[in-house]
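Working notes, structure below.
Only the coordinates and a few stated rules stand behind these numbers; no lab work does. Please read these numbers as outputs of a predicted model, since none were measured by experiment. When we count neighbours, we look across all protein chains shown, and the Cβ atoms used for this are built from the backbone with ideal geometry, even at glycine.
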Ligand code: AMP
């Protein structure tokens, strides 16, 4: 560990920023560095031994995905240290707003971030098309690295500035494959479909822009890979539609 404080002490000095069902996320700010602490806290409803081992496994698999992604050039937060016994990972804090916040729910004008800040794309020198392109490109790099994210939403994409770059977070549901083309086209299509649904439900006005995202993804993975994924994406959409009709 980078310092002598325990993970628990570190959390005690940090600010709780997200409380989820599985994990709590803290922001630890100090003069040396700012970090995000993701703690898979003990679950009372699970047997203690099983709970510890599950939390440990999940942290380890998330860290493995983050490390693989970083080493293959995907923009993800750098892992600072892991305390898998305690179920905690400390990672680089990405000081930016999520794509969900940047898009807001309206088609035009300024949007308000969760912390009340008014966001304006012009002020950071980006437009919606460029943002969509950056997202498509990052997902392509991720898939080319043999990683399936498992929970791609606009909240799990963070825009950082100077220069503008999109980072992918939350690898808690990710899966790794040994080599790029062994990730099935179906898995990659499902990853894209999950994001497509997120765009459709959270940002209805941006459905059209999703095409820009897919075009950028296609350019990056190349025609051969894109054709395989695109065929599966049609199937997955069809299944999704049938499912929502059945209810
Ligand atoms: P997660 O459980 O990983 O999805 O994290 C929950 C929330 O914490 C995210 O939606 C972000 O708002 C925030 N968060 C997680 N990791 C980071 C990070 N590395 N930098 C900035 N914010 C983060």
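Below is a table of values for the structure above.
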{"quantity": "Inter-centroid distance (Cα atoms) of the stretch 134-164 relative to the stretch 1-68, Å", "calculated": "22 Å"}
{"quantity": "Angle in degrees between helix 209-221 and the longest Cα principal axis of the chain, rounded to the nearest 10", "calculated": "80 degrees"}
{"quantity": "Sorted peptide list for 153-159, 221-227, criterion being average Cβ within 10 angstrom, highest first", "calculated": "153-159, 221-227"}
{"quantity": "The chain: most fluctuating residue of 125, 150, 104 per GNM, C-alpha cutoff 10 Å", "calculated": "125"}
{"quantity": "Prolate/oblate/rounded label for the stretch 188-245 (Cα gyration tensor, a/c 1.5)", "calculated": "oblate"}
{"quantity": "Cα gyration tensor category, rounded, prolate or oblate, for the stretch 23-140 with a/c compared to 1.5", "calculated": "prolate"}
{"quantity": "GNM flexibility winner over the chain from 172, 12, 96 (Cα, springs under 10 Å)", "calculated": "12"}
{"quantity": "Degrees between helix 48-71 axis and first principal axis of the chain (Cα, 0 to 90, nearest 10)", "calculated": "60 degrees"}
{"quantity": "Simple label model, 7 Å out from Cα along Cβ direction - residue 119 to residue 184, nm", "calculated": "3.4 nm"}
{"quantity": "Packing-based ranking, highest mean first, of 133-139, 164-170 given that Cβ atoms within 10 Å are counted", "calculated": "133-139, 164-170"}
{"quantity": "Label-to-label distance, nm, for residues given as residue 17 and residue 215 (7 Å Cα→Cβ offset)", "calculated": "3.3 nm"}
{"quantity": "Residue with peak Gaussian network fluctuation, the chain [Cα springs, cutoff 10 Å], from 171, 199, 41", "calculated": "41"}
